[in-house]
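This report refers to the structure that appears directly beneath it.
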Amino acid sequence: MPQTTHEQPGAELPDPRAKAGRGIVPVLAFAGITVAVMQTLLVPVIKDLPALLHTTPSNATWVMTATLLAGAVATPIMGRLGDLYGKRGMLLASLAVMVAGSLICAFTDDLVVMIVGRALQGFAMGAIPLGIGIMRDELPREKLGSAMALMSSSIGVGGGLALPAAALVAQHTDWHALFFGAAGLGVLAMALTVFAVPETTLRAPGRFDTVGALGLSVGLVLLLLPITKGGDWGWSSPTTLGLIAASLVVLVLWGLFELRSDAPLVDLRTTARREVLLTNLTSIMVGVAFYAVSLVLPQLLQLPAATGYGLGQSMVVAGLCVAPLGLTMMLVAPLYARISARKGPKVSLILGMLVIAIGYGAGLGLMSAAWQTVLIAVLLGAGIGLAYSSLPALIIGAVDASETGAANGLNTLMRSIGTSVSSAVIGMVLAHTSTRTGPVDVPTMKGFRISFLIATGAVVAGLVLASFLPSRRTATAPVLLASSEGDEAARRAAEDVEPLPLPGPEGFRGRVLDAAGAPVAGANVTLIDRQGRQAGLTTTDTLGRWALAAPEAGTFVLAASATGHTPRACPAKGGPAVTDLVLGGVSAPERRTAVRS
């Protein structure tokens, strides 16, 4: 017989993830730091690579370039695979590939084999957007802000900590020990992930876009290759210009294909939204600012004091002086959560970029002592940490939950493009302003200051872009809370609702509809038990259909939500039932039909 459902507004829904495992955040952050270490693992020995690999300096740079290119390609692809097939599984796959690449490098002195291994190491950069996606799916709202901040800043933390550690290892042991250490970190990260991180049940509808993945990969390689190697080939050489032109052609064709695809790798219409587009463009500028200090300070610290401006420090001391950059990025995560909860991620992004500008401005006059470089690193780390932490929150607030992995993968790619541009431009500046000291050319103080001015210009451009972001997210977008007061109110509201009979083994199934009765595709439907825990989670298909099995007999709450609609909840208790959940800010006819077992 027909039964009545009393729906509750989504603002009063209990968060089914309130009792998520405490180990998720540190484990995912450790995984992010581990893969970020791969980016700077060889920086302390970069000048020795030609001799170690028995090749020319130009060829030796491919060992660094391969990691960068593989990471850029992997981030959007692994993000999309995680949305479709499970984020934890893809995270473990990324780490496994990194371990394999590390072991390949550990047992070779051959250039080609080393390049292959380093490319496999770079493939693990997809772990960053996957970790952010897992956090959104599994963590309660009051923990999500600071957790995402920590995950996003793990890129800087890993890179910063790797410099002194790798320098210490390289000075006292065979350089291959760096790769054995990387493999060990990867295995540990995999074990911790299996133990502490659950597989998310949220899945995006559709299939994997193989053609789109190939097109994006080819286009990115053709674009980033001349950016990273243009200094060696010549910026006006036919090879450089030809590859850039080819990349533009491939990326335009790829974009046209994606717009016509039913299940695109990257939803360009979503990417073209004002908040998503501006956030991604700002990410490029933040990437430029982040990498500039990583290029300048280590060289300044290690240049001989005889140059008149070099600080004459050892490789290890130079790494220790730069390490506060990454540590400060990690420490500002709780501060970001407070600022974002009160003012929104746009404010924390702008504040972070202002601090970066202050840091680079101070750096123009504070380069004469090691302690001054530490001060610069702390200032820049605080600013970059705030900015990096704000970016995934802005993206998550603008896209559907089923698109989190792919959207954050694209955002991470934008940061990688920024670091690539920074490396190319600042490398060119330092080369053109260098002076000969003995048998070698060394960077000059003029080159260092021009590099800082370039980074400052990127920050100013980022500030202009960020100023056009929406000031606050609308009520239909997810909000990252700093406290659990809303969750407690939601639980009380859910408990006040009269429960309905619970279905038997067949569980629940039905549709999600809008206020006008039209199906809502990609909506999230959650089954919540009496303790407020998530008992099931799924998304609707293109016809708005969904199905969830009840794990056991008892009282449950069904909750549905979708971007652009007011979420709804209804209690359930009894025999098998077909349930249509109606979304919308206005009342709509409730549709529920009980069916016999």
Select the strands (runs of 3 or more DSSP E) contained entirely in region 478-597, then report the ones holding at least 3 residues which are over 31 Å from the mean Cα position of the chain (by Cα) and at pLDDT 50 or above.
508-513, 568-572, 577-582
For region 296-319, what are the residues that are more than 31 Å from the chain's Cα centre (by Cα) and closer than 19 Å to residue 435 by Cβ?
302, 303, 304, 305, 306, 307, 308, 309, 310, 311, 312
Tell me yes or no: at least one residue of region 307-320 is surrounded by fewer than 24 Cβ atoms within 10 Å (Cβ to Cβ), assigned to a helix (DSSP H, G or I) and in contact with a strand residue (DSSP E or B) (Cβ under 8 Å, 6 or more places away or on another chain).
yes
Could you grab the pairs with beta carbons closer than 8 Å, sequence gap of 6+ or different chains, first residue in region 167-189 and closer than 21 Å to residue 323 by Cβ, second one modelled with pLDDT under 85 and acidic (Asp, Glu)?
175/48
Filtered residue count, region 410-443, keeping only those that are in contact with a Phe, Trp or Tyr (Cβ under 8 Å, 6 or more places away or on another chain) and β-branched (Val, Ile, Thr):
2
Give the residues of region 87-101 that are without any contact (Cβ under 8 Å) to a residue 24 or more places away in the chain and either in contact with a strand residue (DSSP E or B) (Cβ under 9 Å, 6 or more places away or on another chain) or closer than 14 Å to residue 74 by Cα (or both), sorted by residue number.
93
Against the definition (out of contact with any Ser or Thr (no Cβ under 6 Å at 6 or more places or on another chain), crowded, with 24+ Cβ neighbours inside 10 Å and in a helix (DSSP H, G or I)), how does residue 148 come out, yes or no?
yes
Does residue 188 satisfy being in a helix (DSSP H, G or I), outside the structural domain of residue 419 (by the TED database) and closer than 26 Å to residue 384 by Cβ?
no
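Tell me whether region 430-437 contains one or more residues that are of a type in the set (Lys, Arg) and more than 30 Å from residue 562 (Cα to Cα). Explain how you work it out, then say what you get.
Just the residues of region 430-437 that are of a type in the set (Lys, Arg), to begin with: 436.
When the remaining residues are screened for being more than 30 Å from residue 562 (Cα to Cα), the result is 436.
Yes, some residue in region 430-437 is of a type in the set (Lys, Arg) and more than 30 Å from residue 562 (Cα to Cα).
Kindly indicate which of 241, 277, 297 is buried (at least 20 other Cβ atoms within 10 Å of the Cβ), at pLDDT 85 or above and among the hydrophobic types (A, V, I, L, M, F, W, C).
Result: 297 is the single residue among 241, 277, 297 that is buried (at least 20 other Cβ atoms within 10 Å of the Cβ), at pLDDT 85 or above and among the hydrophobic types (A, V, I, L, M, F, W, C).
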Quick check on region 190-203: of everything there that is surrounded by 20 or more Cβ atoms within 10 Å (Cβ to Cβ) and among the aliphatic types (A, V, I, L, M), which residue is modelled with the highest pLDDT?
190
Among the residues of region 436-452, which ones are surrounded by 14 or more Cβ atoms within 10 Å (Cβ to Cβ) and among the aliphatic types (A, V, I, L, M)?
442, 445, 450
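The values are calculated or read from the model by the stated rules, or taken from the named source; none is laboratory data. Just so it is clear, the model here is predicted, and its values are computed rather than measured. Note that each Cβ is placed from the backbone with ideal geometry, even for glycine, and that neighbours are counted across all protein chains shown.
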